[in-house]
Every structure is written in C-alpha cells, then in structure tokens.
C-alpha cells in the first residue's frame, strides 16, 4: 500500500540530485505500488481499487481516477515540476494512448511488491508484469516516434520506483508462508536480491536514470498502530526497525549498481524515513492535524471499498488527515 507521504520533500531531493547532472527529463516513467499507482488497478480483477469517492474528490474535475489519494500522487507533481503534464496516466487506462504516454506513463499497481507472492495476496499486477508492460510500451513508442527519438526518450526519462512496504505488511507479517521460509533479516536480503535483479533487467532495456524510494516508518501507519493495542496504539517499533535496516541494505545495493553498471544513475532517497517520522511526530508543522488515524471511516483499518463517502465517519476535510489507513492526501503529497 501507499503510506504517509510528503512528496514535496521527496520532489525537492529528486530535483536537487537530478540538477547535479543537468538532466533533461522528457518523460516520467513509473513502477511500483499504490504510492504511485495512477489507476491501473481499475482495469484488473482485484478488490483493491479506489475508483470511487472520496478518492479523487480533490482531483481536477472532482472525479476518482484510481489513485489512492483524494487528489494527485507523487509522479503527478514530479511530472509537472519538470515542465511536463500535471498528471501521469495509467498504462491500462483506455482513455489514453501512446501519444499521451510519450511524456509519461505509469505501470504501478496498488498492493504489489518486489515479491511475486505479495501481488498474489490481492491479485494485483506483479512487478515482472509491470516490466512486460514496459517492454510493450517501448515497442509502441518506437512505432510512434521512430527508433532514434524513442531511444532518446527512454534513455533520458526519469524512472520512479516506489514499493516494498506491502512485502512486509501484506505478506511477511500477515501470511505465514514467508515467515516459515525466512527470518525477517533473510527476507530483507531476499527482497534486496529481487530489487537488484529488477534494476539490472530494466537497465538492460535501456533505463539509465532512476529515483528509488526506500521504506517509510511503516510501524507508524494508522493500521499498524490500531493493531498495537498492547502498547497504547503507539508505533510498532519492530516494524520501523526493519524499515531502517532494509533501507540500509537498499542503499548499499544502489551504491554497488551505480559503480558496476556504466551510465546508470540511481538516486536513492535515503532520508525519506526520517522525514516521514518527523511528520508523524510533529504533524502540525507539515499541515496535518492527525496522523495516528486516517480520514476514511474510523481511520484505523478502512481502505479501498471500506473507504467510501457514505460512511458517516469519513472526514469532510481530507487535508488534515491521511485519506485511508495507508494513504496520504493530496495536500500531503504537495507540501
């Protein structure tokens, strides 16, 4: 799932780091989960959807798009910041075609992870399938623009990758299968291996500029805090510790690949965890009133179809809350 996010902070880091290379960004291309999904789950058979209100009620036109937010999500803001269009379309959305995707496209699927077993939990698009869609997109782009122009766009595009939280919260800590196979540290290493293989694969397809997001303080999500009744619904520190440990391993992997693969530039947002933690502990400093519960219904466990505008407990002003127990609002995305 997506998580409490203040993408202005993420966006600032990306822009500052990309600026070091005087990068030209002709397109924003997105892989990941609901933190960056712009509506692909609308077109697949899964219970994990957000194509109904209150999702999207603050999006342009006031209609839900399949984004797990009341408005836009990070790739949309990042695209606009680079002078491209203000929203990045979902690849599976039939309203869009290759002319729209030439400056940005999203392959992300809410609920997915590095681990294919994670995508099986809610029958969403696995990461390997996102890559297959990307290959299909490459062929369409070449047919539309010609080989030379398509190659320039694919090489100079900024690729946003955001996932990993679901692997722990939907999969490892919820379903016993992986716990029977791995200790949590071994599972971290397993995911790092999958992440490395994924990056090597897309590198072989021509990807060169990547922004990779680490894990947030996932033990502080409203859903995790709601379950932590023995500790007065405080953050689950064990899960936060895992996030820190995993991010450290991810950072080491990034450093290795940046050295090994010629021309590759991965920008790892390694300060994201601490930034999010500050928001959770000092919400008023970032424009929130509440971070321990969310906007949807009781604010503890509701998401997807349980997050609906007809529930009498759903908040009227999403700008003060997370939209659901794992998702930020559009104001939070654009702080």
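Read-outs: derived from the displayed coordinates by stated rules, not from any lab. Not measured: the values here are computed from a predicted model. Cβ placement follows ideal geometry from the backbone for every residue including glycine, while neighbour counts extend to all protein chains displayed.
Observations on the structure shown:
- Cβ-derived FRET efficiency at R0 35 Å, residue 156 paired with residue 251, nearest 0.05: 0.90
- Between residue 45 and residue 285, the FRET efficiency from the beta-carbon distance, with R0 = 35 Å, is close to 0.25.
- Backbone N under 20 Å from the residue 24 label point (7 Å along Cα→Cβ), restricted to the stretch 131-159: 141-159
- The alpha carbon gyration tensor of the stretch 138-211 gives principal lengths a ≥ b ≥ c with a/c of 1.5 or higher and a/b greater than b/c, which makes the shape prolate.
- Theoretical gain in end-to-end length, residue 120 to residue 99 [0.36 nm per residue, Cα-Cα removed]: 4.4 nm
- In terms of its alpha-carbon gyration tensor, the stretch 185-276 comes out prolate; a/c meets the 1.5 threshold, and the first ratio a/b outweighs b/c.
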